[in-house]
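In what follows, a structure is listed as structure tokens, so that the remarks can point back to it.
The values are calculated or read from the model by the stated rules, or taken from the named source; none is laboratory data. Quick caveat, the model's predicted, so the values are computed rather than measured. Note that each Cβ is placed from the backbone with ideal geometry, even for glycine, and that neighbours are counted across all protein chains shown. The accessibility values were calculated without ligands, DNA or RNA, using every heavy atom of the protein model including side chains. Shrake-Rupley method; radii C 1.70, N 1.55, O 1.52, S 1.80 Å.
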Amino acid sequence: MEQIAGILHEPADAPAGVVVLTHGAGGSRESPMLTAICDEWARRGWLAVRYNLPFRRRRPKGPPSGSSATDRAGILEAVAAVRRLGPDLPVVAGGHSYGGRLTSMAVADDGLDIDLLALFSYPLHPPGKPERARTEHLPRITVPTVFTHGSADPFASIEELQSAAALIPAATTIVEISGARHDLGSKKFDVPALAVDAALRLLD
């Protein structure tokens, strides 16, 4: 996993599938949320990998720079590398905010072949600018998609997200985390468990 700057979370037995997750614009693979979600997948018997996007490999801090196409290519590379660890296993890919959005674009337009798309805090629009919705590619997503989203996230209300999810011509589920903001932090809910439960239901 060194070539993709990935960290493995291995299950106790032979994996039932593989999960590939990446971070948001201000984060890295060390995100506590990504770590907790990958730990949960491993507890459920899946091999999970959290990895850095190319922009984060170039510099340890700061927002994305340059073309997002480079980061999308990094997503294709990461999924291909993890798929080699379990070539016949189902694959879940996605990420938090920017990383999830780019993964969804890779599925829609770059031929990323996965079994389920997992989006955490999807940045539907910049805070306070609902007219700038990032939905153009959603009708081209043809794989089941799980959105895990806080009800207080300024990047999209639950109602806005429901309308966006309806554009996807595949099964979708929204896991609403009541009171959570963009980081999906919650003292009331086990966010990783809820997200993985929803993904497994949709895969079945």
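Restricting attention to the range 41-66, which residues are surrounded by fewer than 22 Cβ atoms within 10 Å (Cβ to Cβ) and within 28 Å of ASP190 (Cα to Cα)? Of everything in the range 41-66, those that are surrounded by fewer than 22 Cβ atoms within 10 Å (Cβ to Cβ) and within 28 Å of ASP190 (Cα to Cα) turn out to be ALA42, ARG43, ARG44, GLY45.
Inspect the range 108-128 for any residue being in contact (Cβ under 8 Å) with a residue 24 or more places away in the chain, closer than 14 Å to ILE37 by Cβ and β-branched (Val, Ile, Thr) and give the result as yes or no. Scanning the range 108-128, I find no residue that is in contact (Cβ under 8 Å) with a residue 24 or more places away in the chain, closer than 14 Å to ILE37 by Cβ and β-branched (Val, Ile, Thr), so the answer is no.
Hey, any hits in the range 17-30 for a residue that's over 19 Å from GLU77 (Cα atoms) and modelled with pLDDT of 95 or more?
No, that holds for no residue.
Remark: pairs (first residue in the range 57-71, under 15 Å from GLY99 (Cβ atoms) and modelled with pLDDT of 90 or more; second residue surrounded by 10 or more Cβ atoms within 10 Å (Cβ to Cβ) and of a type in the set (Phe, Trp, Tyr); Cβ separation under 8 Å; 6+ apart in sequence or on different chains) = THR70/PHE55; ASP71/PHE55. Against the test of being part of a loop (DSSP other than H, G, I, E, B) and touching an Asp or Glu at 6+ places or on another chain (Cβ under 9 Å), the options LEU124, LEU102 yield a single qualifying residue, LEU124. Based on this model, can you work out whether ASP204 counts as out of contact with any Pro (no Cβ under 9 Å at 6 or more places or on another chain), open to solvent by 50 Å² or more (accessible area, probe 1.4 Å) and either at pLDDT below 95 or over 18 Å from HIS96 (Cβ atoms) (or both)? So ASP204 passes the test. Scanning the range 127-165 for residues that are assigned to a loop (DSSP other than H, G, I, E, B), farther than 27 Å from GLY111 by Cβ and open to solvent by less than 30 Å² (accessible area, probe 1.4 Å) turns up just one, ASP153. Would you confirm whether or not the range 166-181 contains a residue that is within 27 Å of ASP113 (Cα to Cα), open to solvent by 40 Å² or more (accessible area, probe 1.4 Å) and touching a Gly at 6+ places or on another chain (Cβ under 9 Å)? Looking for residues that are within 27 Å of ASP113 (Cα to Cα), open to solvent by 40 Å² or more (accessible area, probe 1.4 Å) and touching a Gly at 6+ places or on another chain (Cβ under 9 Å), one finds at least one in the range 166-181, hence yes. Here is a check on your reading of the model: is ASP115 open to solvent by 10 Å² or more (accessible area, probe 1.4 Å), at pLDDT 95 or above and farther than 22 Å from VAL196 by Cβ? No, not satisfied.
Does THR103 satisfy being under 25 Å from GLY26 (Cβ atoms) and among the hydroxyl-bearing types (Ser, Thr, Tyr)? Considered against the rule, which asks whether it is under 25 Å from GLY26 (Cβ atoms) and among the hydroxyl-bearing types (Ser, Thr, Tyr), THR103 comes out as yes. If you go through the range 68-109 and keep only what is among the charged types (D, E, K, R), within 22 Å of PRO11 (Cβ to Cβ) and open to solvent by less than 30 Å² (accessible area, probe 1.4 Å), you end up with nothing.
When only residues in the range 1-40 that are hydrophobic (A, V, I, L, M, F, W, C) and part of a helix (DSSP H, G or I) count, which is farthest from GLY86 (Cα to Cα)?
Filtering the range 1-40 for residues that are hydrophobic (A, V, I, L, M, F, W, C) and part of a helix (DSSP H, G or I), the one farthest from GLY86 (Cα to Cα) comes out as MET33.
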